[in-house]
1. So, in the range 66-86, of the ones that are touching a helix residue (DSSP H, G or I) at 6+ places or on another chain (Cβ under 8 Å) and in contact (Cβ under 8 Å) with a residue 40 or more places away in the chain, which residue ends up nearest to residue 25 (Cα to Cα)?
2. Can you tell me which residue among 24, 18 is modelled with pLDDT of 95 or more and either in contact with a helix residue (DSSP H, G or I) (Cβ under 8 Å, 6 or more places away or on another chain) or crowded, with 16+ Cβ neighbours inside 10 Å (or both)?
3. Does residue 38 satisfy being modelled with pLDDT of 65 or more, surrounded by 12 or more Cβ atoms within 10 Å (Cβ to Cβ), in contact with a strand residue (DSSP E or B) (Cβ under 9 Å, 6 or more places away or on another chain) and over 16 Å from residue 83 (Cα atoms)?
4. I'd like to check something: does the range 69-92 contain any residue that is modelled with pLDDT of 95 or more, in a loop (DSSP other than H, G, I, E, B) and on the phi < 0 side of the Ramachandran plot?
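The values are calculated or read from the model by the stated rules, or taken from the named source; none is laboratory data. What you are looking at is a predicted structure, and each value in this text was computed from that prediction instead of being measured. Here Cβ is always computed from backbone atoms with ideal geometry, including for glycine, and neighbour counts include all displayed protein chains.
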């Protein structure tokens, strides 16, 4: 995963959660956090490098686009694919 945009404004808060996520293109999603931080995150490298069939199926763009924000986190298909919030915030998905 690679962060390709940095936030313009940050707000102070005691906890971090995702408040909005929008599909941009290919495997890129714009993620907005409750403290004002906003990133466009590219999941392409992560998906291409994995050999796990449960994760590889998300190379299908129509399936990749089915993510939702649930309880402040990015979630695919009822927790079929989910990333630690701290990793999404830092951009360090492995």
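1. 74
2. Numbers: 24 fails: either in contact with a helix residue (DSSP H, G or I) (Cβ under 8 Å, 6 or more places away or on another chain) or crowded, with 16+ Cβ neighbours inside 10 Å (or both).
It is 18.
3. On the way: modelled with pLDDT of 65 or more: yes; surrounded by 12 or more Cβ atoms within 10 Å (Cβ to Cβ): yes; in contact with a strand residue (DSSP E or B) (Cβ under 9 Å, 6 or more places away or on another chain): yes; over 16 Å from residue 83 (Cα atoms): yes.
So residue 38 fits the description; yes.
4. Within the range 69-92, none of the residues are modelled with pLDDT of 95 or more, in a loop (DSSP other than H, G, I, E, B) and on the phi < 0 side of the Ramachandran plot.
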